[in-house]
2 protein chains.
Amino acid sequence: MGLTKTEIFTDKQNKLAQMMKALAHPARIAIIQHLIKTQACVCGDLVEELGLAQATISQHLKELKNAGLIQGTIEGTSVCYCIDPKVWKQYKDAFDNFFVAYKNKDGCC
Amino acid sequence: MGLTKTEIFTDKQNKLAQMMKALAHPARIAIIQHLIKTQACVCGDLVEELGLAQATISQHLKELKNAGLIQGTIEGTSVCYCIDPKVWKQYKDAFDNFFVAYKNKDGCC
DNA sequence: CATATCTATCGCAATATTACGATTAAATTC
DNA sequence: GAATTTAATCGTAATATTGCGATAGATATG
């Protein structure tokens, strides 16, 4: 065990859960927010900005890249990361869609 | 290691990451969606609805309860769960706020 | 009160995540 | 081409998560 039983859920449920997971770490939230703030792309100064080791930042960047949220383009010896607007919108829409489904009919418990 | 370094992030970042984590599992997404659908509160028929063992469902319910997203009231021998509208709105607002921060200035990488 | 029903909790096994030092790989600079 | 800079990857340790059987606790029903 320790293995999520994805077979028993719908694709949408699995996908949404994975999207949440991609952002379910303060470092990844911080990275995204830094990318938003310094709108021009940012490279490895994330290591200085956050207080984590280079290997750790690189790992989080990899997860965000796997999630599709960010892109990295090589620029000389460093790598320039930025948010993928298209995927960002997909995330936003998926989250909006999830949260809008519940209307407070406050007649419960 | 294996321990998130929460000290180096802001409260908001930690909180948002934790909110994401609460929903970062398809079973918890499915539970919430089932609670929305059967708007009247639902009890342990979640065990039948999803294909997970009773102990596992109970654990996920506990996490959702810890996250504040759901409430449970004892009703005879079973427990009736429902979404907490107030916390739901907090989540919705926090997520909206996060996603709205990025405006596509498509002049990047 | 004995029995049945439903849920929470315990204990365990398997896997995943987080973090980092060390190393490797690629590109620039001298 | 050697040295430097930057980022990715490997390997490892510590902790967290997922899932479930078994058990315990609480409430109803006979």
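Of all residues in the stretch B:11-33, which are in contact with a Pro (Cβ under 8 Å, 6 or more places away or on another chain) and either within 11 Å of DNA strand D (Cβ to nearest atom) or farther than 17 Å from residue B:68 by Cα (or both)?
Scanning the stretch B:11-33 gives B:13, B:17.
Within the stretch B:34-53, can one find any residue that is closer than 27 Å to residue A:36 by Cβ, within 14 Å of the chain's Cα centre (by Cα) and more than 9 Å from DNA strand D (Cβ to nearest atom)? Walk me through it before giving the result.
We begin by selecting, within the stretch B:34-53, every residue closer than 27 Å to residue A:36 by Cβ; these are none.
For the stretch B:34-53, residues closer than 27 Å to residue A:36 by Cβ, within 14 Å of the chain's Cα centre (by Cα) and more than 9 Å from DNA strand D (Cβ to nearest atom): absent.
May I ask you to verify whether residue B:31 is more than 8 Å from DNA strand C (Cβ to nearest atom) and more than 17 Å from residue A:29 (Cα to Cα)? Don't jump to the end; show me each part of the working.
On the way: more than 8 Å from DNA strand C (Cβ to nearest atom): yes; more than 17 Å from residue A:29 (Cα to Cα): yes.
The answer is yes for residue B:31.
I want to confirm something. Restricting to the stretch B:66-109 and keeping residues that are within 7 Å of another protein chain (Cβ to nearest Cβ) and basic (Lys, Arg), which single residue is nearest to DNA strand C (Cβ to nearest atom)?
Among them, the one singled out is B:92.
Before we move on, is residue B:63 over 27 Å from residue A:4 (Cα atoms) and more than 7 Å from chain A (Cβ to nearest Cβ)? Break it down stepwise before answering.
Numbers: over 27 Å from residue A:4 (Cα atoms): no; more than 7 Å from chain A (Cβ to nearest Cβ): yes.
In short, no.
Output the residue which, of all residues in the stretch A:17-40 that are part of a loop (DSSP other than H, G, I, E, B) and either of a type outside the set (A, V, I, L, M, F, W, C) or at pLDDT below 95 (or both), is surrounded by the fewest Cβ atoms within 10 Å (Cβ to Cβ). Can you show your working first?
Quick first cut of the stretch A:17-40, residues part of a loop (DSSP other than H, G, I, E, B) only: A:23-25, A:38-40.
Still in the list and also either of a type outside the set (A, V, I, L, M, F, W, C) or at pLDDT below 95 (or both): A:25, A:38-40.
Values: A:25: 22, A:38: 13, A:39: 14, A:40: 11.
By that ranking, first place goes to A:40.
Mind counting the residues in the stretch A:1-22 that are of a type in the set (A, V, I, L, M) and near DNA strand C (Cβ under 10 Å from one of its atoms)? Steps first, please.
The first filter runs over the stretch A:1-22 and keeps only residues of a type in the set (A, V, I, L, M), leaving A:1, A:3, A:8, A:16-17, A:19-20, A:22.
Cutting the leftovers down to near DNA strand C (Cβ under 10 Å from one of its atoms) gives us A:1, A:3, A:22.
Count: 3.
The values are calculated or read from the model by the stated rules, or taken from the named source; none is laboratory data. As the structure is a computational prediction, the values presented were derived from the model and not from experiment. Every residue, glycine among them, receives a Cβ derived from its backbone with ideal geometry; neighbour counts consider all protein chains shown.
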